[in-house]
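The values are calculated or read from the model by the stated rules, or taken from the named source; none is laboratory data. Treat the numbers as computed from the prediction; the structure is a model and nothing was measured. FYI the Cβ positions are ideal-geometry reconstructions off the backbone, even for glycines, and counts take in every protein chain you see. Only protein heavy atoms, including side chains, enter the accessible area calculation; ligands, DNA and RNA are left aside. Shrake-Rupley method; radii C 1.70, N 1.55, O 1.52, S 1.80 Å.
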Amino acid sequence: FDRLATLTLYELCVEAAAAAGPLVTSVIEEPKSRWRPLPLNTVELSKLAATKLRMAPARCMHVAEDLYQRGIISYPRTETDRFQATIDVRALVGAQMGSSVWGGYAQGLLNGGRFTVPRSGPHDDHAHPPIHPVRCAERGELQDEQWRVFELVTRHFLACCSPDARGSRTEVEAEIAGEGFVTAGLVVLDRGWLEVYPYSAWVNDPLPQFAVNERLVPSALEMIESRTQPPPLLSEADLISAMDRSGIGTDATMHDHIQKIQTRHYASKNADGRLEPSKLGVALVEGYQRFAVEEGLDLSKPALRAQMEQAMTRIARGEHSRQQFLADTLAATHRCYAALERHAPAIDAALGQHFVGAPDRARAA
């Protein structure tokens, strides 16, 4: 930034504040809502397990399958995030009324008039409903990981059947020496679904009362110097979201892909639980990108895999021929293999830059 220009503006503000004080130019209050979550599907469960439970998605799915086999939750591999009208959602809530943990909350939903029909998401695999509790279970029945996953599934389900959280947001604008300053505060009026969902917070942060044309007495005016920061490494939840946006992986395979890149030493989790690419992973990407322009095929990007998965989805819908898909996929695979074979020296060179000892060791890596 231009330090001299900023310092000049800062000094003008200090002088104006000392002379008359900031002038309130606008006070706006508006209602705010935090929508209840959509019914739970596999992708969302994997993301929540990684961020809220600090549990690897692959491990979460293993635990969820155990709970399903015991008849405690529904089938955990589903793309669906909407309940069909044929499912008695109220009865599923009623099954939790006997819980020593959230039984009172479930009673309040059904007997206190707080029950709300779950929202309908955009996904439906027409095979399985959203993930939900099938029966009530107590902590003593389950092992630690099982309880944590069951608790997440059940609290998420109850949150889906709860009212939205409601609040009031106040935004205040003030002017000093022609420069505008804005602040905002929030008052939570009804926590709604957040009462049963400790994995998400909505902080009550009220402002003092302000009036338009009021003169303020500032307690401090500061000019703070800072720097832009690089984006953080991806977490497992971030990677699942990116895969979902790019159309690669399915609800049943995403967590396996994340485990596989770690098993193959392309990446590893650091102390913060974020995925850090290894020298091997970086070298492979650089090697692929060296011949991407010439071949018009960048194997480090998700486009080819996404095209294949989109075609398989179209086959399931009866919109695409299986034979044509196989022909196209085999042709694309042959093209990839031939490109890799032609450009093997480029990949060796990229590996050699990251592994001391040159080509033989690079090939071994």
**Report entry** Residues satisfying the stated conditions in region 314-343, i.e. open to solvent by 30 Å² or more (accessible area, probe 1.4 Å) and aliphatic (A, V, I, L, M)
**Finding:** Ile315, Ala316, Leu326, Ala327, Leu330, Ala331, Ala338, Leu340
Requested in this report: Inspect all residues belonging to region 221-233 and state whether any of them is in contact with a strand residue (DSSP E or B) (Cβ under 9 Å, 6 or more places away or on another chain), free of Cβ contacts under 8 Å to residues at least 24 places away in the same chain and open to solvent by 90 Å² or more (accessible area, probe 1.4 Å).
Outcome: no
**Report entry** Residues being modelled with pLDDT of 90 or more and over 13 Å from Glu236 (Cα atoms) - total across region 249-276
**Finding:** 4
Query raised in the report: What about Ala311, is it touching a residue at least 60 places away in the same chain (Cβ under 8 Å) and open to solvent by less than 60 Å² (accessible area, probe 1.4 Å)?
Result: no
Requested in this report: Tell me, please, whether a residue that is in contact with a Leu (Cβ under 6 Å, 6 or more places away or on another chain), within 23 Å of Thr51 (Cβ to Cβ), open to solvent by 30 Å² or more (accessible area, probe 1.4 Å) and not small (Gly, Ala, Ser) can be found in region 96-118.
Outcome: no
Query raised in the report: What tally of residues in region 60-76 results from selecting those that are in contact with a Ser or Thr (Cβ under 9 Å, 6 or more places away or on another chain) and open to solvent by less than 50 Å² (accessible area, probe 1.4 Å)?
Result: 5
Query raised in the report: When you scan region 17-26, how many residues do you find that are in a helix (DSSP H, G or I) and open to solvent by 30 Å² or more (accessible area, probe 1.4 Å)?
Result: 2
Report task. Kindly indicate the residue of region 268-288 that is hydrophobic (A, V, I, L, M, F, W, C) and more than 16 Å from Pro231 (Cβ to Cβ) and also surrounded by the fewest Cβ atoms within 10 Å (Cβ to Cβ) among those meeting that condition. Result -> Ala271
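Listed here are the residues, each with its yes/no results for (1) in a helix (DSSP H, G or I); (2) open to solvent by less than 50 Å² (accessible area, probe 1.4 Å).
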| residue | (1), (2) |
| --- | --- |
| Val14 | yes, no |
| Ile28 | no, no |
| Lys32 | no, no |
| Leu45 | yes, yes |
| Met55 | no, yes |
| Ala58 | yes, yes |
| Arg82 | no, no |
| Ala85 | no, no |
Query raised in the report: Any chance region 251-264 includes a residue that's open to solvent by 80 Å² or more (accessible area, probe 1.4 Å), farther than 15 Å from Ala58 by Cα, touching a Ser or Thr at 6+ places or on another chain (Cβ under 6 Å) and not in a helix (DSSP H, G or I)?
Result: no
Report task. Report, by residue number, each residue of region 162-213 that is more than 30 Å from Glu151 (Cα to Cα) and either of a type in the set (Asp, Glu) or touching a Lys or Arg at 6+ places or on another chain (Cβ under 9 Å) (or both). Result -> Ser168, Arg169, Glu171, Glu173, Glu175, Glu179, Ala184, Gly185
**Report entry** Sole exception among (1) outside any loop (DSSP other than H, G, I, E, B); (2) open to solvent by 10 Å² or more (accessible area, probe 1.4 Å); (3) of a type in the set (A, V, I, L, M) for Ala159, by number
**Finding:** (2)
Query raised in the report: Hey, among Leu239, Leu280, which residue is at pLDDT 90 or above, over 24 Å from Arg342 (Cβ atoms) and of a type in the set (A, V, I, L, M)?
Result: Leu239
Requested in this report: Would you mind finding the one in Glu151, Glu171 that is surrounded by 11 or more Cβ atoms within 10 Å (Cβ to Cβ) and assigned to a strand (DSSP E or B)?
Outcome: Glu171
Requested in this report: May I ask you to verify whether Glu30 is over 30 Å from Thr228 (Cα atoms), in contact with a Lys or Arg (Cβ under 6 Å, 6 or more places away or on another chain), in contact (Cβ under 8 Å) with a residue 24 or more places away in the chain and of a type outside the set (Phe, Trp, Tyr)?
Outcome: yes
